[in-house]
Every structure is written in C-alpha cells, then in structure tokens.
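A.B. asks: Below you'll find the structure I mean.
Computed from the coordinates by the stated procedures, all read-outs in this text should not be read as laboratory data. Quick caveat: nothing in here was measured; it's all calculated off a predicted structure. Note: ideal-geometry Cβ built from the backbone for every residue, glycine included; neighbour counts use all protein chains shown.
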Amino acid sequence: MHGITWEEPFCGEGASCYRLGTDEQGNSYITIAGAEEHFLTDSREALQQMIRDIKAGAADHLL
C-alpha cells in the first residue's frame, strides 16, 4: 500500500491506537490502527514539528 512502512501501533488509554509510517521519498504518515488505507501525509519535517509542538503543550487545550 503506497510503499509505506508502518511502525507498531501506539495505544493510549482505551482504544485510541495510532500508527506512524514513512516511505522511501521521505514522506510521513499517521493513521488510526486498523484503518491504514485512510491516512494523513506530509513531509517528515512537518511530522517532527507537529510532535515537538505537541510535546511543548500546543495541543493541551484538547485534553
């Protein structure tokens, strides 16, 4: 499927399981485990920035 190499699912409390993936062109992907045919994609740098922002608290208002 699109040449994506998926990581093992990351599951939080409950049934929220996400998977991250990459391809040979340097793109990154995020999906819900079990629904890998539906994903968001962007550059690896964009995914890295999103993770840094989340760690810095930018999404805390969603909790």
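A.B. asks: The range 5-56: D in µm²/s via Stokes-Einstein (Kirkwood Rh, Cα pairs, 20 °C, 1.002 mPa s)? If you can, show how the numbers build up before the last one.
C.D. replies: Working: Rh = 11.5 Å.
The calculation lands on 186 µm²/s.
A.B. asks: While we're on this one: Select from the chain those GluC sites (Glu not before Pro) which occupy a DSSP coil region and have at most 16 other Cβ atoms within 10 Å, ordered by residue number. Intermediate values should be presented prior to the final figure.
C.D. replies: On the way: sites: Glu7, Glu13, Glu24, Glu36, Glu37, Glu45; in loops: Glu7, Glu13, Glu24, Glu36, Glu37.
Filter output for the chain: Glu7, Glu13, Glu24, Glu36, Glu37.
A.B. asks: Rounding to the nearest 20 debye, state how big the charge dipole of the range 5-56 is about its Cα centre with +1 on each Lys and Arg Cβ and -1 on each Asp and Glu Cβ. Could you put the intermediate results ahead of the total?
C.D. replies: Values: 4 positive and 10 negative charges, 44 e Å.
With only Lys, Arg, Asp and Glu charged at Cβ, the dipole is about 200 debye.
A.B. asks: So if I take the centroid of the Cα atoms in the range 43-62 and the same for the range 17-33, what is the distance between those two points in Å?
C.D. replies: Each part's Cα centre sits 15 Å from the other's.
A.B. asks: Set Lys and Arg Cβ to +1 and Asp and Glu Cβ to -1, take the dipole of the chain about its Cα centre, and tell me which of Met50, Ile32, Ala15 lies farthest positive.
C.D. replies: The listed residue farthest towards the positive side: Met50.
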